[in-house]
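Just below is one structure, and these are the notes that go with it.
The values are calculated or read from the model by the stated rules, or taken from the named source; none is laboratory data. Since we're looking at a predicted model, the values are computed, not measured. Neighbour counts run over all protein chains shown; Cβ positions are idealised from the backbone, glycine included.
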Amino acid sequence: MQSYTYTCTVSHEKEKIENGLKELGWRLLRHGINHDIWTNGERQEPLPRHNDINKKLARSILRKAQKGAKS
């Protein structure tokens, strides 16, 4: 299983999370009003649309995505 280590700084958090999801094989499914929905084909994970995502939430999103990554 591919691993992704979260290494975000305060700026560009959302972009780095999106790149991490892509590296894990996830893709953008659709844009919502408050969240973008990402999928790996089996599961879905919401990602807030705003850029200032707190570090704890970012780690949680990537941790869940890593558990659901296709091997």
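Residue count for the stretch 38-66 satisfying the condition of being closer than 10 Å to residue 13 by Cβ and part of a helix (DSSP H, G or I): 3. Quickly run through the stretch 38-68 and pick out the residues that are surrounded by fewer than 13 Cβ atoms within 10 Å (Cβ to Cβ) and either among the acidic types (Asp, Glu) or over 12 Å from residue 18 (Cα atoms) (or both). Those that are surrounded by fewer than 13 Cβ atoms within 10 Å (Cβ to Cβ) and either among the acidic types (Asp, Glu) or over 12 Å from residue 18 (Cα atoms) (or both): 41, 42, 50, 52, 54, 55, 56, 63, 64, 67.
In the stretch 30-51, the residues that are within 14 Å of residue 64 (Cα to Cα) form Cβ pairs under 9 Å with partners that are among the aliphatic types (A, V, I, L, M) and assigned to a loop (DSSP other than H, G, I, E, B), at six or more places apart or across chains, as follows: 40/24; 40/69; 47/53.
Checking each residue in the stretch 22-37 for being surrounded by 13 or more Cβ atoms within 10 Å (Cβ to Cβ), in a loop (DSSP other than H, G, I, E, B) and more than 10 Å from the chain's Cα centre (by Cα) picks out only 25.
Annotation for the stretch 4-21: no member residue is over 21 Å from residue 56 (Cβ atoms) and either more than 13 Å from the chain's Cα centre (by Cα) or at pLDDT 95 or above (or both).
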